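Bear in mind that the values in this text are calculations on the coordinates, not laboratory data. Computed from a predicted structure; not experimentally measured. Heads up, the Cβs are rebuilt from the backbone with ideal geometry, glycines too, and the neighbour counts pull from every protein chain shown.
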Amino acid sequence: MTPEPSNQREFTRVVVNCAVTIMADHRPIECSSVHTLSMKGMLAPTHERLPEGMECEITISLVEHEIEINLMGIVVRNLPEGIAFQFTKIMGPESYAHLRNLVLYNATDTDQVEQEFENHSGLRKKDPE
């Protein structure tokens, strides 16, 4: 039996169903939800395609649009099931806290997620001391 491959990702991905708005080049991208999410990026189901490297404004809405997570991201991949984005900036401490809680509360291994938070400062790994 072959062992499972090790997870090379910096952050755990979780499955969520949240409303999302994506603005690319000042136009909305048709997409109704986030499929998988991490502290570093997301997969948004859509039939649209965007050039890799394109910067986008991303708003993830929680609690019926009363709480929002505002992010900047770039397109890293176009997949048959949607567009993969890497977050480049989390807009404000409230957005960071909401994103962190959303990932933590939807994770199956919360200890692993807590360790990831401990090893990072925002989106970047902490410098070794």
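Numbers at a glance
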| read-out | value |
| --- | --- |
| Listed peptides 98-104, 108-114 by packing density, highest first (mean Cβ within 10 Å) | 98-104, 108-114 |
| Residue-wise HN-Hα coupling along the stretch 70-78, computed from phi with Karplus coefficients 6.51, -1.76, 1.60 (Hz; x: Gly, Pro) | 9, 9, 10, x, 10, 6, 9, 6, 9 |
| Reciprocal mean inverse distance between Cα atoms of the stretch 8-101 - Kirkwood radius, Å | 13.1 |
| In sequence order, calculated HN-Hα J values of the stretch 108-114 (Karplus, 6.51, -1.76, 1.60; Hz; x Gly/Pro) | 7, 10, 5, 5, 4, 5, 4 |
